[in-house]
Amino acid sequence: MYRGHIRGIRTLIGTAISLAGLSGIAAPALAQNPPAALPRLPEANPRPVQIDPHLIEIDAKREIRFQPFVLGKDKRGKPIDANAMVTLKNGKKLSAARVAEEVNRLERELNRHGYSLRKKEQNPVISRLRIDYPAMQKDADEPEKGGDDGGPPGGVYKSDPPRRGTFHNEQHWDRCVGSRSTFQICMSAGMELNGEANRFVEAKGNGSLSGAVMGDTFQIVRASASARAPNTGRSRVQVEVRVVGETIYNLNREFDATYHYRHEAARNVDRTVARFTFPVAGIPISVKFGVRGRAGVRCDISLSPLCVNAEAAPFAQASGYAQTSVSVLVADVGARCRLTFVDGSLVLNGKLCVESGDGHAQFVAESRGKVTLRALNGNFELFLCLGGDWLEDWFDIEPQCVTARIFSWGGLSWNRTIFLYRASVPV
């Protein structure tokens, strides 16, 4: 059973939760054929970071006096040859004397924190990353404020004093949950509406989802889109999409005056975003943490003379995974990572039209931003295990594991309007 457990914990697990589709904008592009499936983005290689010792919490007991394991007789009463060789699971061969040295190295570190290989416990959690979960929960639970007056929560807005025949309004929002030094998710969104009567109207939107792990920040997806509808002549659409820092789609194109543009641009993501070491039983475990999933944008834009109605929805779904290594030759290490890092979207709508009624023309404007998101949901743990038939034969030690808890939180779950602006302004 133990060997199966070791095989299981050495398997790296990343659970991706599928992203619910957004109604009304998931159809193929009308403007052009969607691109063929793209390969995953190239691997990054972040520099290893040293975790602040104050962020490491050790569940220490009273220190145990170290008593070394010695090579004596095996269970059959036969003397153990110090030069006898054993083949480890990783294929390396060590002498019995070197095995004893490595076992005592681990025992000494365990004794310092009140644990021992001579006393088996059921996968004790002996260290953890210090994270202020109550503060994270407070940030996640903080309600959004604002409404039809145009005051977006968590950001700023700008609405120029009306000049005859012109219109300008901006909405901006940004929010972070978590700590950059441990785990963090950040979002930002904006919408700008501009118009000049008898000349043009335009809508410009942008949104991004980014993260941080152990001080390393990284962009998951950033998208910007703009649409311009003149009174006469051809309309124009511009869209740029970046996924983990790489441009995957860039459009700058004119269309007929009346046009409906619909498109989705996305890319698979598999990227190492942080490298760090974390002590388990005093033994430093080397960790590579990555995110895996898919990110992109969906656009749906309707254009006609002096009227634009645009929607852009940057989205991302990415789960966490980890790879581990250790310098103790007789120990196995593994990671259990069931962490939804991000799963959701920012939906940004902007509408500006010049409409006439009762002989009077007016700008009719609406900006709306909505976030639907689950993030930082799940757990991430490291294991260090000692096992093998020779361990029981030579030292009378039962196979056992110790655990370090890196992250464990219920996450945030949002379905919120982040800004909403409506206005009718006489031309």
Exercise. Quick one: in the stretch 174-192, which of the residues that are among the polar types (S, T, N, Q) and not in a strand (DSSP E or B) is surrounded by the fewest Cβ atoms within 10 Å (Cβ to Cβ)?
Worked result: S179
For this session: Give the residue that is farthest from the chain's Cα centre (by Cα), with candidates limited to residues of the stretch 212-224 that are within 15 Å of R294 (Cα to Cα) and at pLDDT 95 or above.
Result: A223
Problem set entry | Considering residues of the stretch 403-425 that are farther than 27 Å from V328 by Cα and small (G, A, S) only, the residue surrounded by the most Cβ atoms within 10 Å (Cβ to Cβ) | G411
Exercise. For the subset of the stretch 281-293 comprising residues that are in a strand (DSSP E or B) and over 11 Å from the mean Cα position of the chain (by Cα), which member is modelled with the lowest pLDDT?
Worked result: I283
Exercise. Regarding V347, is this residue aliphatic (A, V, I, L, M), out of contact with any Asp or Glu (no Cβ under 6 Å at 6 or more places or on another chain), over 20 Å from F380 (Cα atoms) and surrounded by fewer than 24 Cβ atoms within 10 Å (Cβ to Cβ)?
Worked result: yes
Seminar exercise, completed: Scanning the stretch 374-402 for residues that are acidic (D, E) and surrounded by fewer than 19 Cβ atoms within 10 Å (Cβ to Cβ), the one modelled with the lowest pLDDT turns out to be D389
For this session: Report, ordered by the first and then the second residue, all pairs with beta carbons closer than 6 Å, sequence separation of six or more or different chains, a first member in the stretch 77-93 that is over 24 Å from C385 (Cα atoms), and a second member that is of a type in the set (K, R) and surrounded by fewer than 12 Cβ atoms within 10 Å (Cβ to Cβ).
Result: P79/K73
Problem set entry | Residues being in contact (Cβ under 8 Å) with a residue 40 or more places away in the chain and either closer than 13 Å to L384 by Cβ or surrounded by fewer than 16 Cβ atoms within 10 Å (Cβ to Cβ) (or both) - total across the stretch 117-129 | 9
Problem set entry | Sole residue being closer than 26 Å to T324 by Cβ, in contact with a helix residue (DSSP H, G or I) (Cβ under 9 Å, 6 or more places away or on another chain) and buried (at least 16 other Cβ atoms within 10 Å of the Cβ), chosen from L110, L94, L106 | L94
Exercise. Of the residues S408, S424, which is more than 19 Å from the chain's Cα centre (by Cα), assigned to a strand (DSSP E or B) and modelled with pLDDT of 90 or more?
Worked result: S424
Exercise. Only one residue in V308, V342, V241 is in contact with a Phe, Trp or Tyr (Cβ under 8 Å, 6 or more places away or on another chain), crowded, with 23+ Cβ neighbours inside 10 Å and more than 30 Å from A97 (Cα to Cα), so which one is that?
Worked result: V241
Exercise. Quick one: is S413 of a type outside the set (A, V, I, L, M), free of Cβ contacts under 8 Å to residues at least 40 places away in the same chain and outside any helix (DSSP H, G or I)?
Worked result: no
Exercise. Would you call P284 in contact (Cβ under 8 Å) with a residue 60 or more places away in the chain and surrounded by fewer than 19 Cβ atoms within 10 Å (Cβ to Cβ)?
Worked result: no
Problem set entry | Residue list for the stretch 244-267, restricted to those being surrounded by 21 or more Cβ atoms within 10 Å (Cβ to Cβ), at negative phi and of a type in the set (A, V, I, L, M, F, W, C) | A265, A266
Exercise. Taking the stated definitions as given, is G233 on the phi > 0 side of the Ramachandran plot and either buried (at least 18 other Cβ atoms within 10 Å of the Cβ) or of a type outside the set (K, R) (or both)?
Worked result: yes
Exercise. Just one of R271, R242, R262, R253 is within 30 Å of R128 (Cβ to Cβ), assigned to a strand (DSSP E or B) and in contact with a strand residue (DSSP E or B) (Cβ under 8 Å, 6 or more places away or on another chain); which is it?
Worked result: R271
Problem set entry | Top-ranked residue of the stretch 143-173 - restricted to ones that are assigned to a strand (DSSP E or B) and over 26 Å from P230 (Cα atoms), ranked as modelled with the lowest pLDDT | D149
For this session: Can you tell me which residue within the stretch 311-335, out of those that are more than 14 Å from the chain's Cα centre (by Cα) and under 30 Å from K204 (Cβ atoms), is surrounded by the most Cβ atoms within 10 Å (Cβ to Cβ)?
Result: P314
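The values are calculated or read from the model by the stated rules, or taken from the named source; none is laboratory data. Since the model is a prediction, treat every value here as computed from it, not as a measurement. Because the Cβ atoms are built from the backbone with ideal geometry, glycine has one as well, and the counts that use them run over all protein chains shown.
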